[in-house]
Amino acid sequence: MGGPVRVAVIIGSTREGRAGEDVARWFLALARGRDGMDVDVVDLAAFDLPARYECEVTPGVAAFTARVDRADAFVIVTPEYNHSFPAPLKQAIDYAYDEWQAKPVGFVAYGHGSEGLYAIEHLRTICTELHMVPVRGRVNLDLLGGGTGGDGPARAAEAMLDQLTWWALATREARAVRPYVS
Ligand SMILES: Cc1cc2nc3c(=O)[nH]c(=O)nc-3n(C[C@H](O)[C@H](O)[C@H](O)COP(=O)(O)O)c2cc1C
């Protein structure tokens, strides 16, 4: 299986008036400027994901898990709320399982002061539990400081995407040869 690496960019804030849209726009411009990358924007605010688990798979949950399934890799764009990431993002992550497995994930996090560092560390633990491969590179933005400005954030994003691409190709080839054993 070849073709461009399919990267789902998950916008993790569903808050009214969220800064996440501007952060995602900045990151998407970088990702779309790269060769060999097919970018799918998975905006959690656009999905009808029930707050409580229902017995049946709802159309909203099915639509979300289908987008996760078709991706080779993920980038989660997340704010930091109280030293973690937002609850709706956790709920969305929990709605899929097999669809996440044996695929790499990178993070773009932002906040006030702590730059989303805690949010990323919590996400790394959860993504590992779901058999994803968190890449080492990450983007941290202080919205009260430089935000996405200057060279640093763009350089960090490109490095993270280089690592994500390597792992996406490696895991895609491996999954094609043998099923992942979870
Ligand atoms: C409930 C809440 C808790 C927050 N906690 C933190 C925090 O622990 N660390 C931090 O750096 N920023 C924190 N912030 C600031 C947010 O990261 C900042 O407002 C950001 O813009 C939120 O993302 P959003 O606008 O895309 O939802 C918090 C904001 C909210 C609303």
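Each reported figure results from applying straightforward, stated rules to the coordinates on display, with no laboratory input. Quantities reported herein were computed from a predicted structural model and do not represent experimental measurements. No Cβ is skipped: glycine too gets one built from the backbone with ideal geometry, and neighbour counts run over all protein chains shown.
The table that follows gives values for the structure above.
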item	result
Residue count for the range 66-92, restricted to those that are of a type outside the set (Ser, Thr, Tyr) and free of Cβ contacts under 8 Å to residues at least 40 places away in the same chain	7
Matching option when the condition is away from the ligand (no atom under 16 Å from the Cβ), in a strand (DSSP E or B) and within 13 Å of the chain's Cα centre (by Cα), among Val9, Val39	Val39
Unique match (being farther than 16 Å from Gly12 by Cβ and either away from the ligand (no atom under 15 Å from the Cβ) or surrounded by fewer than 17 Cβ atoms within 10 Å (Cβ to Cβ) (or both)) among Arg175, Arg124	Arg175
Of all residues in the range 90-115 being within 12 Å of the ligand (Cβ to nearest atom) and under 23 Å from Trp167 (Cα atoms), the one that is farthest from the chain's Cα centre (by Cα)	Ala109
Whichever residue in the range 37-75 is touching a Pro at 6+ places or on another chain (Cβ under 7 Å) and under 26 Å from Thr165 (Cα atoms) and, among such residues, is surrounded by the fewest Cβ atoms within 10 Å (Cβ to Cβ)	Asp38
Matching residues in the range 42-65 - criterion: being part of a helix (DSSP H, G or I) and in contact (Cβ under 8 Å) with a residue 12 or more places away in the chain	Leu44, Ala45, Gly60, Val61, Ala63, Phe64, Thr65
Hey, Ala92 surrounded by fewer than 20 Cβ atoms within 10 Å (Cβ to Cβ) and within 24 Å of Ala62 (Cβ to Cβ) or not	no
Residue list for the range 30-53, filter: over 24 Å from Ala66 (Cα atoms) and among the small types (Gly, Ala, Ser)	Gly33
Subset of the range 140-164 (residues that are among the hydrophobic types (A, V, I, L, M, F, W, C) and more than 14 Å from the ligand (Cβ to nearest atom))	Ala154, Ala156, Ala157, Ala159, Met160, Leu161, Leu164
